[in-house]
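Student: Sharing a structure with you now.
Nothing in this text is a laboratory measurement; each read-out follows from the coordinates by a stated rule. What you see is a predicted model; the values in this text were computed from it and never measured. All Cβ positions, glycine included, derive from the backbone under ideal geometry; neighbour counts span all protein chains shown.
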Amino acid sequence: MSFFAVSDQTLADLAARAPGPFFAYSRSAARERWDRLAAVLPPRVRLAYAVKANPNPGLLATFARKGAAFDCASGGELDRAARALAKARPLAGTRTTAAGRGGPGPGNLLFYGGPGKRAEEIRRALRLGARIHAESVEDLALVDRFSRKPAAVNLRVHPASGIEEGSRIIGGTGPSAFGVDEENLARVLHVAKRFTRVRIEGIHVFAASNERDADKLARTYDTVLGLSRKAAEAFGLDLRQIDLGGGLGLAYSPGEEELDVEALGRSLGSLLERHDWFRGELVLEPGRWLAGPCGVYAARVVRVKESRGVRFVILEGGINHLLRPLLTGQPFPVRAFRADGSSIEEEAGPAVLTGPLCTSLDRLGDVLLPGLDSGDFVAFGRTGAYGFTEAMSRFLCHPLPREYWIP
Ligand SMILES: Cc1ncc(COP(=O)(O)O)c(C=O)c1O
């Protein structure tokens, strides 16, 4: 798949509709991503889209129609996902994975996790029938308080070992705000015995971020299954679900290899065979892998200037629309086109891409681009995940970018 799900001509046509930068999302790309991943997963793996990657209702609707479950991290995400599920009618003939075969209501298809869940959010999640990923005794106590009937809960565990250092966003085995430290499991489960409505029937571990090495993901999953077995045996848990989190990686530059999802699917199959003590379902919660390639962000060049031998290309939008380059130091893939959609034939040279904000933090990357003039456009590929809603959109009161869908 190309880095750019939307053609320059389509972007130019959208740009002509109204001023200002925008995101364009491709519905066919979203469907293709879902189908490709769903097709390689064993039947006992449920796919839950991580809404945080991009909560755009059009994207949620597309995945909901495919039979997606949704991993939510706030009351707002839960509401959006519940709305998408309520409207969706899984299309006849699509492979829905275990998620689509679910049970009676959207409850089977909603998960709610996060380190700082507020009481009202837990109450709301339970009303919607969501399964809670509890990260503390306090979460368990709130489930017990608000649930009217026995509630199956997944306990998020922060492993003590066996997890390779991941990105600084998530991963590793150091101190963490997420989950219950593995070494504290006995204490938490002991306290949990007093919660009569809480049924700990699942383990959740999320220990990877943007990982493109299928073997490394498989080793992490093996650690998680081993840890789950130990917990099940030591504490008599009847585990029906093990949630392996998200973190399926994407290439952001031509030099990077894509994650081999076929190999990942095979590894999950053999993992389930090897861990035959576990008869329940696995859950994967990818956000980036599903949503990233569906989106392109486009911004007009406002000014090009040289400063002490460096070419600065100043765009209409910067970290107020795309924060990821600042967080990770890695630019999105870029290309440029003229306002009429035609390509720019000039030779590419180094450019520093900046936005309109009055801070030197407002940099979208040191990249290679052809000669550019005011009025030309730069398109950023793979911005369907961790784009629009992750950015500092209110900073300096610039308008929000628009969001368009194309078929
Ligand atoms: C609990 C949880 N699940 C899933 C995800 C999605 O991760 P990704 O978009 O890397 O697949 C995240 C991201 O931070 C997360 O925190």
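Student: Count the net charge of all other residues whose Cβ sits under 11 Å from the Cβ of D340, scoring Lys and Arg as +1 and Asp and Glu as -1.
Tutor: -2
Student: Ok, one more. Taking the Cβ of Y386 as the center, what net charge do the other residues with Cβ under 12 Å away carry, scoring Lys and Arg +1 and Asp and Glu -1?
Tutor: +3
Student: Packing-wise, with mean Cβ within 10 Å as the measure, how do 225-235, 74-84 rank, highest first?
Tutor: For the peptides 225-235, 74-84, the packing ranking is 74-84, 225-235.
Student: Tally the DSSP beta bridges in the chain and give the antiparallel ones as a percent, rounded to 5.
Tutor: Of those bridges, close to 40 percent are antiparallel.
Student: Could you work out the local net charge near G349, counting Lys and Arg as +1, Asp and Glu as -1, over the other residues with Cβ closer than 12 Å to its Cβ?
Tutor: -3
Student: Label 7 Å along Cα→Cβ of E257; the stretch 202-225 residues with amide nitrogen under 14 Å?
Tutor: 211-218, by backbone N distance to the label point.
Student: Kindly state, to the nearest 0.05, the FRET efficiency for D366 paired with A152, given R0 = 45 Å and r defined as their beta-carbon distance.
Tutor: Efficiency computed from Cβ-Cβ geometry: 0.40.
Student: Then there is this: Using Cα springs under 10 Å in a Gaussian network model of the chain, which residue among H204, H158, H190 shows the largest mean-square fluctuation?
Tutor: Fluctuation is largest for H190.
Student: Amide H neighbours of R46 under 5 Å, counting only residues 5+ apart in sequence or on other chains, H built in-plane at 1.01 Å?
Tutor: Result for R46 returns L282, V283, L284.
Student: Pick from P55, P356, P150: which is most flexible by mean-square fluctuation in a GNM of the chain where alpha carbon atoms under 10 Å apart are linked?
Tutor: Looking only at P55, P356, P150, the largest GNM fluctuation is found for P150.
Student: Can you put S161, S28, S393 in order of Cβ neighbours within 10 angstrom, beginning with the fewest?
Tutor: Least to most surrounded, the residues fall as S161, S28, S393.
Student: Could you work out the relative contact order of the stretch 135-285, using alpha carbon pairs under 8 angstrom and six or more residues apart, expressed as a whole percent?
Tutor: It rounds to 24 percent for the stretch 135-285.
Student: While we're here: Taking 8 Å as the Cα distance limit and 6 or more residues as the minimum spacing, I'd like the relative contact order of the chain as a percentage.
Tutor: It comes to 21 percent, rounded to a whole number.
Student: Still on this structure, please answer the following. Under a plain spin-label model, where a point goes 7 Å from the Cα along Cα-to-Cβ, how far apart in nm are R83 and A18?
Tutor: 1.7
Student: In this model, which of K117/K193; K87/K216; K66/K193; K193/K216 are farther than 31 Å apart at the alpha-carbon?
Tutor: Too far apart for the 31 Å limit: K87/K216; K66/K193; K193/K216.
Student: Please report, in Å, the Rg and the Dmax of the stretch 27-290, where both are computed over Cα atoms only.
Tutor: Spelled out, the Cα radius of gyration and Dmax of the stretch 27-290 are 17.3, 54 Å.
Student: Anyone know which of A379, A291, A12 comes out most mobile in the 10 Å Cα GNM of the chain?
Tutor: A12
Student: Among 315-328, 57-70, how do they line up by average Cβ neighbours within 10 Å per residue, starting with the highest?
Tutor: Listed from highest to lowest mean packing, they are 57-70, 315-328.
Student: How far is it, in nm, from the label point at R308 to the one at R36 when both lie 7 Å from their Cα along the line to the Cβ?
Tutor: Inter-label distance under the simple model: 4.3 nm.
Student: Under a crude label model (7 Å from the Cα following the beta-carbon direction), how far is V191 from E273 in nanometres?
Tutor: A separation of 4.2 nm, rounded to one decimal place.
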